[in-house]
Amino acid sequence: MELITSKVVAIALFLLIITMIETLAYSTRISGTRVKLIATAMSLFSTLVIVSRFSTMIQQPLTAKLIATAPDLNKLGFIEDQYRILIGVTSLGVLLGILLFPTFINIFSRAIIQLSNERGSVVATFLKQLNPKGIKKIIACFRLPKLTYLSGITLKTIPKRLFIFNVIVSAVFTIGVLSSLYASMLVPEDYAQAALMSSGIINGVATILLTLFIDPKASVLADRVMKKQCDYVFLKSYSLTMISSKFFGTILAQLLFIPAAYYVAWFAEWI
């Protein structure tokens, strides 16, 4: 049986878009600081995060279906290979988001101003761009990444603990669903549902850590830059830290995938 099927390709494209959106969401704070509408930028950031999280919930049953169609011979190894391909696709999604980062800083700057003019209506903001004039303006926002973007960024301006913390959180997010699905094949049938439901706990803990220790720091930093209490380079360093650590988190996920699955399997039987 082929390893890369049409279902794997469909899920991979879905994951690519989700991961790219999650990566590009980090550019909203820079855009908000540029146009001095940080609260509106945070609203746009929250919308993008909610969309990506909801998309992950849709992706879960699609990914679970791969288990049902896997051959009985060496089923564990076959599914592991397919899931590792999907983890690799998340790394590609982050890289694509990094390449489009300068472009979306410009796009989100326009979107934030438009969102403010539309009094917070995301739908109206989106619909107003669905015309030839709006599409031309979006295309005109395209920018390739340049080394000049990194000017002023040094090891001193990069929050190192935040980098390490987000590598771990990103790795957990990447494998939360996949490890739980794989764990459902490692336990007796009576415990399979418990293993499947564990993905919510894993991703939930990662979300709480993200909310408690990462997002507030970013918001405070953006406010300080707006009030000119802090140099703009620190906000750029934060964005670079978040997107680069997210990429390394997806690499770490390859190493943690199987150990995490066995941990989930143990937890499912223990509870």
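How would Glu118, Glu189, Glu269 line up by accessible area, probe 1.4 Å, largest first?
Heavy-atom accessible area, descending, gives Glu189, Glu269, Glu118.
Roughly speaking, what is the centre-to-centre gap between the range 51-109 and the range 147-178 when only Cα atoms are used, to the nearest Å?
If we compute the Cα centre of each part, the gap is 20 Å.
So if I place +1 on the C-beta of Lys and Arg and -1 on the C-beta of Asp and Glu, and nothing else carries charge, what would the dipole magnitude of the range 109-170 be about its Cα centre? I want it in debye, nearest 20.
So the magnitude is around 160 debye.
Determine Rg/Rh for the chain; Rg is computed over alpha-carbon atoms and Rh is the Kirkwood hydrodynamic estimate from the same atoms.
Across the chain, the Cα-based Rg/Rh ratio is 1.01.
Between rounded, prolate and oblate, where does the range 202-270 land on the alpha carbon gyration tensor, with a ≥ b ≥ c its root eigenvalues, rounded for a/c under 1.5, else prolate if a/b exceeds b/c?
oblate
Residues of the chain: accessible area per residue at 1.4 Å, in Å²?
53 Å²
Find the eigenvalues of the gyration tensor of the Cα atoms of the range 91-241, then list the square roots of 5 times those eigenvalues as equivalent ellipsoid semi-axes, largest first, in whole angstrom.
35, 23, 16
Which value results for Rg/Rh of the range 52-176 when Rg is the Cα radius of gyration and Rh the Kirkwood radius based on the inverse mean 1/r?
Over the Cα atoms of the range 52-176, Rg/Rh equals 1.08.
Zone of Gln193 (label point 7 Å along Cα→Cβ, backbone N under 17 Å): which residues in the range 241-271?
268-271
How far apart, in nm, are two points set 7 Å out from the Cα along the Cα-to-Cβ line at Ser219 and at Tyr262?
About 4.0 nm, to one decimal.
Compare Val51, Val123, Val94 by solvent-accessible area with a 1.4 Å probe and give them largest first, with all protein chains kept in place.
The most accessible residue leads, giving Val123, Val51, Val94.
Using 0.36 nm per residue, how much length does the chain from Ser55 to Leu13 gain when fully extended, once their Cα-Cα distance is taken away?
Taking 0.36 nm per residue and subtracting the Cα distance, the gain is 13.9 nm.
Percent of accessible area on the range 118-271 owned by carbon and sulfur, 1.4 Å probe?
The C+S portion of the solvent-accessible surface of the range 118-271 is 69 percent.
Per-residue ellipticity at 222 nm for the chain, helices alone: DSSP H runs ≥ 4 residues times -39500 (n - 2.57), over residue total, nearest 500 deg cm²/dmol?
-27000 deg cm²/dmol
Which distance in nm do the two modelled labels at Leu99 and Arg143 give, with both placed 7 Å along the Cα-to-Cβ direction?
1.8 nm
Pop out the carbon and sulfur fraction of the accessible area of the range 15-103 as a percent, whole number, probe 1.4 Å.
Percent of accessible area from carbon and sulfur atoms in the range 15-103: 73.
Per residue, how big is the convex hull around the C-alpha atoms of the range 30-106? Give it to me in cubic angstrom, could you?
Each residue corresponds to 85 Å³ of Cα convex hull volume.
Which links in Lys128/Lys217; Lys136/Lys236; Lys128/Lys228 stretch past 30 Å when you go from one Cα to the other?
Checking Cα-Cα distances, Lys128/Lys217; Lys128/Lys228 exceed 30 Å.
The values are calculated or read from the model by the stated rules, or taken from the named source; none is laboratory data. Computed from a predicted model, the values in this text were never measured in an experiment. Every residue, glycine as well, gets a Cβ built from its backbone with ideal geometry; the counts of neighbours run over all protein chains shown. Areas reflect the complete protein model, heavy atoms only, side chains present, ligands, DNA and RNA absent. Shrake-Rupley method; radii C 1.70, N 1.55, O 1.52, S 1.80 Å.
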